[in-house]
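The values are calculated or read from the model by the stated rules, or taken from the named source; none is laboratory data. What you see is a predicted model, and the numbers here were worked out from it, not measured in a lab. Cβ: placed from backbone, ideal geometry, glycine included. Neighbour counts: every protein chain shown. For accessibility, only protein heavy atoms count, side chains too; no ligands or nucleic acids. Shrake-Rupley method; radii C 1.70, N 1.55, O 1.52, S 1.80 Å.
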Amino acid sequence: MGKFIKLLVLACTQMKYLQRKNLHPPLISLCLLAIGSGCLIAQEDKAHFSKVFNREKPYRIFLPSDYYTSQKRYPVIYYFHGNTGNHELNIPGVKQLVKENGVILVAWNGRSVDSDLRPYNIGNHSNINYQVQFKDYFLEFINCIDSTYRTLPDRSHRALIGHSMGGIMSFFIAGKYPDLVGTAYSSKGSPEFFIGYPSQHSLYHVRHMFKNLYGVRLGFATSTECELYYLNNEVISGALRETGLDFSFKKYEGSHSITQEQFRDAFNFVIASFINPLPDPVRWHHADLYPNFDIWGYEIRSNLNKRGFIDMEGVTKGGLGIGTKGWEPDGGTIPGIQINVKTPSIYLPKTSYTFLDFNGTKDEVSISTVMSDEAGKISFTVNHEKHQIGICRNNDPAEITLAAYKVNNQGLFLDHKKGCSIAIRLLNRGGSEARNISVTLDTPTEGITITSPTIGLDRISSGELIWMPAEFKVIAANKPRWMVLLSGSGSI
């Protein structure tokens with residue numbers, strides 16, 4: 001009994017001190033004390049004023065047992081609830097997981113207004129009712145948590161776990177901000193929803209958006225009796241088609257709900273990723289349904305005012321592909337759109353660079369010079385068409401990219417169960433000649449026969465466009481999804 005009184009007095013003293021110092025928001029509706037181990041474990045219901053929503057937004061936070069007795073900083077896991085849920089995470093065993101692993105767990109509230117049962121302002125057309133977007137609230141919310149608590153405020157120590165509608169949000173938010181999130185886990189997440197503004201929203205197919213998630217470690221769970229089981233098998237297939245993606249999945253017996261065991265598995269997946277985080281990607285892709293966004297230090301501003309995506313591919317210091325798509329993965333361009341790009345500070349300040357622009361829509365190449373600013377950033381503008389941009393100085397490394405392909409010298413699609421010829425066109429957007437290049441055509445789809453899957457090319461000069469000297473011979477028993485791999489002086 002004396003031990004209980006001592007711990008209770010300690011807790012009250014700490015809470016009064018924190019309130020006096022204004023270190024935490026004043027709303028504290030619940031504080032649980034675990035006394036069996038002699039440690040304080042806090043589960044607190046809190047709130048903060050959101051400028052994004054212009055009102056108080058509640059959240060529930062679980063703090064590690066030594067939080068109030070140490071000066072350590074902790075990784076943070078954000079939990080995204082599903083349909084009809086809120087921030088009141090009540091899965092059994094959560095507090096013990098937090099205690100055992102020394103992390104902070106925060107459950108946010110995904111309701112645009114308190115009376116909404118359907119969260120996140122996503123779904124069918126009729127479900128998108130608010131101009132306020134959760135992609136904006138996420139930035140505000142992690143800033144609130146990082147500025148209020150002793151966190152490790154970097155992507156390697158920030159993770160998302162979501163269930164059902166929270167699952168699609170975990171992958172969407174991680175793909176929107178892969179430079180801020182290092183790990184994302186979707187438990188039986190919705191496979192597709194419309195996302196965006198009431199007057200401008202686009203269909204977000206999770207299976208086609210994994211290209212946004214390079215550099216993020218991904219976990220996924222589905223279950224055999226879940227109503228989303230077959231659609232989520234397509235999600236899994238979409239992830240497995242992305243070469244080099246760090247993705248793993250589990251299939252459970254049972255229904256759509258998330259069990260204590262399944263939450264523990266998701267939690268442990270994240271903890272393992274905290275211990276061994278992924279590095280930032282050297283080469284990345286991104287498709288965004290909003291007109292303006294920042295990604296990996298790039299600032300994109302456009303006049304996109306209709307459904308569709310700004311699409312970035314193969315982004316490196318040496319250049320990028322950029323354009324518009326009406327839908328992912330293969331939508332046509334969106335006329336009338338202008339895209340302004342500002343790079344990060346990755347170039348020499350106030351230095352002249354060769355600027356190559358291959359317009360794949362018009363099959364035109366222009367070469368000019370561009371000057372970096374005093375911070376080492378380069379700015380340029382392109383229209384809605386498909387562009388491959390190269391930014392280099394003389395003797396910078398070669399960069400080989402896929403410029404185009406043709407099937408049977410005319411179209412883009414394979415004839416079913418017939419012999420087809422595929423021609424590949426390459427562009428060297430780098431500053432040096434590439435030599436001894438080999439191009440390998442491969443696919444994970446069963447039933448595809450590729451005769452002589454590797455073709456060699458002696459050289460390709462800086463800025464040169466060239467069709468490969470031979471064509472790949474393919475017979476498709478079903479529809480393939482292609483991967484093109486190059487080796488040699490350049491890469492793709």
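Things worth noting here:
- Subset of segment 457-477 (residues that are farther than 26 Å from residue 430 by Cα and among the β-branched types (Val, Ile, Thr)): 474, 475
- Flag for residue 225 being in a helix (DSSP H, G or I) and surrounded by fewer than 17 Cβ atoms within 10 Å (Cβ to Cβ): no
- Residue that is nearest to the chain's Cα centre (by Cα), among those in segment 449-465 that are of a type in the set (A, V, I, L, M) and within 27 Å of residue 353 (Cβ to Cβ): 465
- When segment 167-188 is filtered for residues that are more than 12 Å from the chain's Cα centre (by Cα) and either open to solvent by 10 Å² or more (accessible area, probe 1.4 Å) or under 21 Å from residue 286 (Cα atoms) (or both), the ones remaining, listed by number, are 167, 186.
- Conditions (1) farther than 17 Å from residue 167 by Cα; (2) out of contact with any strand residue (DSSP E or B) (no Cβ under 7 Å at 6 or more places or on another chain); (3) open to solvent by 60 Å² or more (accessible area, probe 1.4 Å); number of the one not met by residue 127: (3)
- Among residues of segment 286-322 being charged (D, E, K, R) and open to solvent by 20 Å² or more (accessible area, probe 1.4 Å), the one that is farthest from residue 333 (Cα to Cα) is 317.
- Only one of the numbered conditions (1) in a loop (DSSP other than H, G, I, E, B); (2) touching a residue at least 60 places away in the same chain (Cβ under 8 Å) is violated by residue 112, and that is (2).
- Restricting attention to segment 304-323, the residues being within 22 Å of residue 372 (Cα to Cα) and among the hydrophobic types (A, V, I, L, M, F, W, C) number 4.
- Within segment 403-417, residues that are under 16 Å from residue 470 (Cα atoms) have Cβ atoms under 7 Å from residues that are of a type outside the set (D, E, K, R) and open to solvent by 50 Å² or more (accessible area, probe 1.4 Å) in these pairs: 407/413, counting only partners at least 6 apart in sequence or on another chain.
- Residue 266 vs. criteria part of a helix (DSSP H, G or I) and of a type in the set (A, V, I, L, M): yes
- Selection count where residues are more than 16 Å from the chain's Cα centre (by Cα), open to solvent by less than 70 Å² (accessible area, probe 1.4 Å) and closer than 26 Å to residue 328 by Cβ, scope segment 229-255: 4
- In segment 306-320, the qualifying residues are those that are assigned to a strand (DSSP E or B) and not charged (D, E, K, R), and the one that is nearest to the chain's Cα centre (by Cα) is 312.
- Selection within segment 434-448 - open to solvent by 60 Å² or more (accessible area, probe 1.4 Å) and within 33 Å of the chain's Cα centre (by Cα): 442, 444, 446
- Of residues in segment 137-166 being part of a helix (DSSP H, G or I) and in contact with a helix residue (DSSP H, G or I) (Cβ under 8 Å, 6 or more places away or on another chain), the one least open to solvent (accessible area, probe 1.4 Å): 138
- Top-ranked residue of segment 45-88 - restricted to ones that are aliphatic (A, V, I, L, M) and either out of contact with any Lys or Arg (no Cβ under 7 Å at 6 or more places or on another chain) or within 21 Å of residue 115 (Cβ to Cβ) (or both), ranked as surrounded by the most Cβ atoms within 10 Å (Cβ to Cβ): 77
- Reported count of residues in segment 202-243, each being among the basic types (Lys, Arg) and at pLDDT below 95, is 1.
- For residue 404, the conditions (1) part of a strand (DSSP E or B); (2) at pLDDT 95 or above are fulfilled apart from (2).
- Number of residues in segment 92-101 that are open to solvent by less than 30 Å² (accessible area, probe 1.4 Å) and touching a residue at least 60 places away in the same chain (Cβ under 8 Å) equals 2.
- Which listed residue, of 322, 334, 400, is out of contact with any Ser or Thr (no Cβ under 9 Å at 6 or more places or on another chain) and within 24 Å of residue 210 (Cβ to Cβ): 322
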